Amino acid sequence: MMRRTGGGLVCYACFLLLSTTLSACGYFHHDVRSYIEEPFPKKLSQWHLFTASRHGLKPNQRVVPYDLNTPLFSDYASKYRFVWMPPDTSAVYREDGPFEFPVGTILSKSFGFPIDVHPGQEKLIETRLLVKTKSGWTPLPYVWNEDQSEATLQYVPDPVEVKWTNVSGHHYDFSYHIPNTNECRQCHDNLRELKPIGLKARNLNKNYPYADGTMNQIAYWTRIGYLRDTPRLDSVPRVAKWDDPATGSVADRARAYLDNNCAHCHQPGGSAGYSGVDFRYTQTEMDRMGFCKSPASAGNVRRLLYDMVPGDPAASIVVYRMKSTEPKVMMPQYGRTLVHQEGVSLIEDWIASLPQQSCP
């Protein structure tokens, strides 16, 4: 079980309890170990990314937490992201697209949900590792056990039953789908090469409350040697926070949402690149975003004719697919079971705000 704070998950037990937990879980203090070829560890603890787990993920030395301006929606799960790079190595800054990371890099993303009977605490479901191996990026899904002492590598995980209630009193009861490695590849593949999705300058350009003080993530990574070739901070791009009107217009926030929820597939070279729709934030041509464009393939979308219709969200296939949970119709295809109601509303508001026009 975990307790959430403004800076992520931290261990809140006293030193004595922490020591006992470390012994029980096998999380003794060792340097992080990176495996860059098979066989990969069956247990998450063998990577030594964390020094504790039962009362919150406590990162090991040089395991750095990070966050994104606008993240991918995953059934309202909380996400806890960490990065580690081998000593004396750095990622190379890129203005557009993911940074170039050195071999041995470990990207870790853990998913958790609240525990109703323990207010303020959460339970981890899975931790996904994306490791830069000798042969390229390799996805490794680890599933947590019931007492949160260990996570086990499962290439084809079973669904996990999740029940929880949000702050508004809405109760969720569903089967949480953990993507298998092939599904991971569907989203992370571009031109048959696996790549990280969220680790772009425009997503990382924000402040983070580190243990030694709040600092911009781009500047912090540069300071600790995790990033090189960094330009002046005021020239680094930034996307809006999808649910914060103070960070951008409805168009800015909607396009940031599509950039991080859809563009990994809907861009040239992506698994849905054949569709001709490009949802990257850097795309500026309306027809390339899908406005007044007939779909290449959209499954059962009733009599809807266009991906998006300016001024008319109800006539837009994108909105219809975002509202669906039917296989081969829903969008995104992987990574969610529920409909993201707030995300749908944002895209509807954006389309509705555009001047109405009749598509040919």
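Scanning the stretch 196-250 for residues that are in a loop (DSSP other than H, G, I, E, B) and among the small types (G, A, S) turns up G198, A211, G225, A240, G248, S249. Filtered by the rule that a residue be in contact with an Asp or Glu (Cβ under 9 Å, 6 or more places away or on another chain) and β-branched (V, I, T), the stretch 154-187 gives V160, V162, T165, I178. Taken together, T165, T181, T247 contain a single residue that is among the polar types (S, T, N, Q) and over 21 Å from the mean Cα position of the chain (by Cα), which is T165.
Yes/no per residue for (1) within 29 Å of N182 (Cβ to Cβ); (2) of a type in the set (G, A, S); (3) modelled with pLDDT of 95 or more:
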residue	(1), (2), (3)
D287	no, no, no
R302	no, no, no
D312	no, no, yes
V318	yes, no, yes
H340	yes, no, yes
E348	no, no, yes
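Which residues, taken from the stretch 77-107, are among the polar types (S, T, N, Q) and assigned to a strand (DSSP E or B)? Of everything in the stretch 77-107, just one residue is among the polar types (S, T, N, Q) and assigned to a strand (DSSP E or B), namely S78. Selection over the stretch 266-293 of residues that are under 22 Å from L72 (Cα atoms) and either assigned to a loop (DSSP other than H, G, I, E, B) or assigned by TED's automatic domain parsing to the domain that holds L199 (or both) gives a count of 17. In the stretch 285-308, the count of residues that are in contact (Cβ under 8 Å) with a residue 24 or more places away in the chain and under 21 Å from the mean Cα position of the chain (by Cα) is zero. The set of residues in the stretch 161-194 that are farther than 30 Å from T138 by Cα and surrounded by 15 or more Cβ atoms within 10 Å (Cβ to Cβ) comprises W164, Y172. Residue count for the stretch 132-153 satisfying the condition of being assigned to a strand (DSSP E or B) and within 18 Å of K79 (Cα to Cα): 7. Here P114 fulfils each of the conditions (1) at pLDDT 95 or above; (2) within 19 Å of the chain's Cα centre (by Cα); (3) crowded, with 19+ Cβ neighbours inside 10 Å apart from (1). Annotation note: of T127, T152, T133, the sole residue that is assigned by TED's automatic domain parsing to the domain that holds G225, buried (at least 20 other Cβ atoms within 10 Å of the Cβ), among the polar types (S, T, N, Q) and modelled with pLDDT of 90 or more is T127.
Against the test of being farther than 18 Å from R336 by Cβ and assigned to a loop (DSSP other than H, G, I, E, B), the options A263, A296 yield a single qualifying residue, A296.
The values are calculated or read from the model by the stated rules, or taken from the named source; none is laboratory data. These numbers were taken from a predicted model, which means no experiment stands behind them. No Cβ is skipped: glycine too gets one built from the backbone with ideal geometry, and neighbour counts run over all protein chains shown.
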